[in-house]
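Some notes on the structure that comes next.
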Amino acid sequence: MQLFVNANYNFVKWRFHWIAFSILWVLIGLGFYLKNGINWGIDFAGGANITLKFRDKVPLDRLRADLADASIQQYGKPVDRAVLIRLPMQKKEGDYAGLTVAKLNRDLNPESATGKVDLNFHGRDPIADVIFTADPDRKGTNDAAKQYYLGVAENIISKRSDLGIFTSLDQAVSAPGVTPGIASVLRQKTFVGQFNVLNQETVGPQVGKELQGKAIWAVILSTLAMGVYLWLRFDVLFGAAAVVCIIHDVSVSIAFLGMINGEMSLNIVAALLLIVGFSINDTVVMYDRVRENKRKIKTRMTLEEQLNKAMNQTLSRTILTSGSVFIVLVALLLFGGKVIHEFAWILLIGVLAGTYSTVTIVPAVAIAWNNFTGRKRDIAGPASRPRAEEPVRAEATTPRKRKAV
């Protein structure tokens, strides 16, 4: 498919306008960071994240009283009755999230103190142990009986996963494999608690610092590796321009993260590394076309004209490639859910930045480098100047005399 036939846009002319736009964008993002600070995720700052789904209305006042230092926010839609609890970094290592969840279970579910098992809180094994001990189906105490009741408990947990949370015991006893005897045991020795733990994770302070350093080095080294690759494949001018282009795209993406006060997490680092790879793609294609044109074009052209011609020749491919990725990322934003929302946004901004930086930022750097170093990169085709004609030696026109016989 060819979208632009014989395109002849003067991209180089508008390079300073786009540079000014990018600088303004990054400065705005920097202003947001100075105002709000960096919103480090649990991966880098340490601490704990806990996602809870409640049976009834979320008891926000009780949660805030129990967890004074925590950040509590709605998770998903209000009808989901779920909250995300972010706990600050602690100085010592340990299962921060697990201890906090256990404390909330004791405070919000007083029935757990009576010895009953919470069907919304506990996993398969505690539920199976309760049923196995009572043995309502008379299976005995052998391994086969144990496996039988484990299977029933697994069905109960699967039913809870499908519903998100049990709101009544009737939902639990309607799980596949629950016989009348097992249902009777469940009604006597279990209950449905106030909340179900959808997710919990803990990152210690030492691990968070290590991840910060590794993430920064991952982005820096991948950027330098791309620059070295283009240096070896083309030359140092194109390698330096590519590095500046990648730095530009990553900076624009990080600036946008500051504008939306997004969380700097491992997902964002993965998005930045994807941007590094995508950003270099169109740049390599354009450089290849410049190199091909040096062998094909017969008229003399300046570096500005070379770059303009190459970008116009590859414009259709650039639009098709970036447009395809753009459509996928918009679909992720609309249907991907909250978990990957910021990841999709950063990729989308990175793809847009990478597209316009290929046709504006890269030429600007290449031309500035060329002017600064004073190297002439004008090209002339294979046609060469005609050589001066050599004088033709005059041949003797006088006939040779015959020898007398």
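Before moving on, here are some points about what is shown:
- If you take all other residues with their beta carbon under 15 Å from the beta carbon of A70, and give Lys and Arg +1 and Asp and Glu -1, the sum is -1.
- In plain terms, the C-alpha convex hull of the chain casts an average shadow of 39.4 nm² when viewed from every direction.
- For the range 47-203, alpha-carbon Rg relative to the globular expectation (2.2 N^0.38 Å, N residues): 1.13
- Taken about its Cα centre, the range 47-203 carries a charge dipole of about 260 debye when Lys and Arg each add +1 at the Cβ and Asp and Glu each add -1 at the Cβ.
- For the range 201-257: rounded, prolate or oblate by the Cα gyration tensor [a/c cutoff 1.5]: oblate
- The range 258-278-the range 126-205 distance, computed between alpha-carbon centres (Å): 40 Å
- Max mean-square fluctuation residue, GNM over the chain, Cα-Cα springs under 10 Å, options R233, R86, R295: R295
- Here the range 23-48 and the range 93-124 have alpha carbon centers that stand 35 Å from each other.
- Positive-end residue of A215, L186, I165, charge dipole of the range 140-238 with Cβ unit charges: L186
- Violating pairs (Cα-Cα greater than 31 angstrom) within the set K103/K214; K77/K146; K13/K214; K214/K338: K103/K214; K77/K146; K13/K214
- Its DSSP H runs of at least 4 residues, each contributing -39,500 (n - 2.57), put the calculated 222 nm mean residue ellipticity of the chain at -19500 deg cm²/dmol, to the nearest 500.
- Counted charge near F54, where neighbours are those whose Cβ lies closer than 12 Å (Asp, Glu -1; Lys, Arg +1): +3
- GNM flexibility winner over the chain from H248, H122, H341 (Cα, springs under 10 Å): H122
- Annotation: the residues Y9, Y148, sorted from fewest to most other C-beta atoms within 10 Å of their own C-beta, follow the order Y9, Y148.
- The Cβ shell under 14 Å around C245 holds other residues with a net charge of -1, Lys and Arg each +1, Asp and Glu each -1.
- Gaussian network model of the chain, springs between alpha carbon atoms under 10 Å - residue of V228, V203, V339 with greatest fluctuation: V339
- Remark: the range 222-239, residue by residue, has Karplus-estimated 3J(HN,Hα) of 5, 5, 5, 4, 5, x, 5, 4, 5, 4, 6, 6, 10, 7, 5, 4, 5, x Hz, where x stands for each Gly or Pro and the curve is 6.51 cos²θ - 1.76 cosθ + 1.60 at θ = phi - 60°.
- 5 Å-binned pair-distance histogram of the range 1-88 (Cα, whole percent): 3, 10, 12, 11, 10, 10, 8, 7, 7, 8, 6, 4, 2, 0
- Rounded to the nearest whole angstrom, the semi-axes of the ellipsoid equivalent to the range 256-380, taken from the Cα gyration tensor as √(5λ), stand at 35, 16, 9, largest first.
- Taken over the Cα atoms of the range 117-228, the convex hull encloses 176 Å³ per residue.
- Cut-off of 10 Å, at most 15 other beta carbons, DSSP loop: longest stretch of the chain lacking such GluC sites (Glu not before Pro): 94-388
- Here the range 163-219 yields Rg over Rh of 1.40, to two decimals, using C-alpha coordinates and the Kirkwood radius.
We did not get these values from a lab; they are worked out from the coordinates using the rules stated. Since this is a predicted model, take the numbers as computed values, not measurements. We place every Cβ from the backbone using ideal geometry, glycine too, and count neighbours over all the protein chains shown.
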